[in-house]
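Here's the structure, in structure tokens; my notes come after.
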Amino acid sequence: MSEPIKINVLLCDTFPGRLPDDIPSYVSLHEELFRRVAPDVRFRVYMTMDGELPQSLNGDELYLVPGCICSAYDPFPWIENLQSWIRGAVAHHAFLVGICFGHQVIAQALGGEVSKYPGGWGTGIRESQILDSSMLPFFPDGHMRLLYNHHDQVITPPSGANTLATSDFCRYEGLRINDHVFTFQGHPEYTPYYMGYYLHNLSAEQDPFVVERALQSLELLSPQGTEVAKWIVEMFARYLENK
């Protein structure tokens, strides 16, 4: 791409008290992720949890809905407004990416169903099977490993959505709608350092067995968030070419 990528972050949470001192902000994790792939990427942040949303859509820009401590089904006005915005963005074929809460709220906005998963907390590094052939050049063994931190899951995807990847723990690890909506249950922006900090400092009320298994996963597996970002940038380039 000749022009720098512009990513509009629809920020849904700043995670106060949940970041170590040496991570300046939740947005900084996304900035570091995408700058590993596209060093000249530009960001604009909308404080969506405070009611701020893009008032116009630019077909040359990427819109990102990241994580949040809330659930997609929580009856907060800002979440309802976000879902309305998502429907409008999809109708106008904006390039839209959802991460964790973003994955879930996009699915729900478009007619899918999200609920708390009875199997418990999904955390640590998890491997899923790739179902979308366009991802295979980036994941040649047919599997994707990402960091996770979620209690909710998409139970029913929206009509017309295809599944990007699946696992025994989470059937819909990612969703795709045509060539312009891509969502992931995992956190490509997370780092093992941050996940380790979270598990050691913010999981005292969780099942100790789940925490220990997640910590072991950080030692045994390497997350592939950078590969996800590369694939997103590739799909964005194709989207721009086909406009």
* Any idea which residue in the stretch 185-217 is farthest from HIS151 (Cα to Cα), counting only those that are touching a strand residue (DSSP E or B) at 6+ places or on another chain (Cβ under 6 Å) and part of a helix (DSSP H, G or I)? -> SER217
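Inside the stretch 59-70, can you point out the residues that are touching a strand residue (DSSP E or B) at 6+ places or on another chain (Cβ under 7 Å) and in a loop (DSSP other than H, G, I, E, B)?
Applying the first criterion (touching a strand residue (DSSP E or B) at 6+ places or on another chain (Cβ under 7 Å)) to the stretch 59-70 yields 61-67.
If the condition is that a residue be touching a strand residue (DSSP E or B) at 6+ places or on another chain (Cβ under 7 Å) and in a loop (DSSP other than H, G, I, E, B), then GLU61, PRO66, GLY67 are the ones that fit.
Among LEU110, LEU202, LEU164, which is the only one that is under 25 Å from LEU11 (Cβ atoms) and in contact with a Pro (Cβ under 7 Å, 6 or more places away or on another chain)? Even if it seems obvious, please write down each step before you answer.
Numbers: LEU202 fails: in contact with a Pro (Cβ under 7 Å, 6 or more places away or on another chain); LEU164 fails: in contact with a Pro (Cβ under 7 Å, 6 or more places away or on another chain).
Of the residues listed, the single one that is under 25 Å from LEU11 (Cβ atoms) and in contact with a Pro (Cβ under 7 Å, 6 or more places away or on another chain) is LEU110.
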* To do: Return the pairs, sorted by first residue and then second, in which the second residue is surrounded by 15 or more Cβ atoms within 10 Å (Cβ to Cβ) and of a type outside the set (S, T, N, Q), the first residue lies in the stretch 7-18 and is more than 30 Å from ALA237 (Cβ to Cβ) and touching a residue at least 40 places away in the same chain (Cβ under 8 Å), the beta carbons are less than 7 Å apart, and the residues are 6+ apart or on different chains.
  => PHE15/TYR26
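Check ALA214, ALA229, ALA204 and return the single one that is among the aliphatic types (A, V, I, L, M), out of contact with any helix residue (DSSP H, G or I) (no Cβ under 8 Å at 6 or more places or on another chain) and either on the phi < 0 side of the Ramachandran plot or modelled with pLDDT under 95 (or both).
Values: ALA214 fails: out of contact with any helix residue (DSSP H, G or I) (no Cβ under 8 Å at 6 or more places or on another chain); ALA229 fails: out of contact with any helix residue (DSSP H, G or I) (no Cβ under 8 Å at 6 or more places or on another chain).
That would be ALA204, the only listed residue that is among the aliphatic types (A, V, I, L, M), out of contact with any helix residue (DSSP H, G or I) (no Cβ under 8 Å at 6 or more places or on another chain) and either on the phi < 0 side of the Ramachandran plot or modelled with pLDDT under 95 (or both).
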* Exactly one of (1) in contact (Cβ under 8 Å) with a residue 24 or more places away in the chain; (2) part of a loop (DSSP other than H, G, I, E, B); (3) in contact with a Phe, Trp or Tyr (Cβ under 9 Å, 6 or more places away or on another chain) is unmet by TYR73. Its number? -> (3)
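Consider ARG35 carefully, then state whether it is free of Cβ contacts under 8 Å to residues at least 40 places away in the same chain, over 28 Å from GLY111 (Cα atoms) and touching a Lys or Arg at 6+ places or on another chain (Cβ under 6 Å). Walk me through it before giving the result.
Details: free of Cβ contacts under 8 Å to residues at least 40 places away in the same chain: yes; over 28 Å from GLY111 (Cα atoms): yes; touching a Lys or Arg at 6+ places or on another chain (Cβ under 6 Å): no.
So ARG35 does not fit the description; no.
Table: residues versus (1) buried (at least 17 other Cβ atoms within 10 Å of the Cβ); (2) farther than 22 Å from TYR239 by Cα; (3) basic (Lys, Arg); (4) in contact with a helix residue (DSSP H, G or I) (Cβ under 7 Å, 6 or more places away or on another chain).
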site	(1), (2), (3), (4)
GLY51	no, yes, no, yes
ASN58	no, no, no, no
ASP74	no, yes, no, no
LEU82	yes, yes, no, yes
VAL90	yes, no, no, no
ALA94	yes, no, no, no
CYS100	yes, yes, no, no
* **Hits in the stretch 26-58 - residues which are of a type in the set (Ser, Thr, Tyr) and in a helix (DSSP H, G or I)** => TYR26, SER28, THR48
* Asked: Which one of the conditions (1) surrounded by fewer than 21 Cβ atoms within 10 Å (Cβ to Cβ); (2) over 16 Å from CYS100 (Cα atoms); (3) touching a residue at least 12 places away in the same chain (Cβ under 8 Å); (4) touching a strand residue (DSSP E or B) at 6+ places or on another chain (Cβ under 7 Å) does HIS180 fail to meet, given that it meets all the rest?
  -> (1)
* Return the pairs, sorted by first residue and then second, in which the second residue is of a type in the set (S, T, N, Q) and not in a strand (DSSP E or B), the first residue lies in the stretch 122-136 and is on the phi < 0 side of the Ramachandran plot, the beta carbons are less than 7 Å apart, and the residues are 6+ apart or on different chains. => ILE125/SER217; ARG126/SER167; GLU127/SER167; SER128/SER167; GLN129/SER167
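In the stretch 118-148, how many are in a loop (DSSP other than H, G, I, E, B) and either under 16 Å from the mean Cα position of the chain (by Cα) or within 21 Å of VAL65 (Cα to Cα) (or both)? Step through it out loud before you land on a result.
Taking the stretch 118-148 first, the residues in a loop (DSSP other than H, G, I, E, B) are 118-121, 131-132, 136-142.
If we keep only those that are either under 16 Å from the mean Cα position of the chain (by Cα) or within 21 Å of VAL65 (Cα to Cα) (or both) as well, we get none.
Count: 0.
Within the stretch 5-48, take every residue that is among the aliphatic types (A, V, I, L, M), touching a strand residue (DSSP E or B) at 6+ places or on another chain (Cβ under 7 Å) and under 26 Å from ILE79 (Cβ atoms) and give me the one that is surrounded by the most Cβ atoms within 10 Å (Cβ to Cβ).
First, pick out the residues of the stretch 5-48 that are among the aliphatic types (A, V, I, L, M): 5, 7, 9-11, 19, 23, 27, 29, 33, 37-38, 41, 45, 47.
Subsequent filtering for residues that are touching a strand residue (DSSP E or B) at 6+ places or on another chain (Cβ under 7 Å) retains 5, 7, 9-11, 27, 41, 45, 47.
Next, only the ones that are under 26 Å from ILE79 (Cβ atoms) stay: 7, 9-11, 27, 45, 47.
Working: ILE7: 23, VAL9: 21, LEU10: 25, LEU11: 22, VAL27: 16, VAL45: 16, MET47: 14.
Among residues in the stretch 5-48 that are among the aliphatic types (A, V, I, L, M), touching a strand residue (DSSP E or B) at 6+ places or on another chain (Cβ under 7 Å) and under 26 Å from ILE79 (Cβ atoms), the one surrounded by the most Cβ atoms within 10 Å (Cβ to Cβ) is LEU10.
The values are calculated or read from the model by the stated rules, or taken from the named source; none is laboratory data. What you see is a predicted model; the values in this text were computed from it and never measured. Every residue, glycine among them, receives a Cβ derived from its backbone with ideal geometry; neighbour counts consider all protein chains shown.
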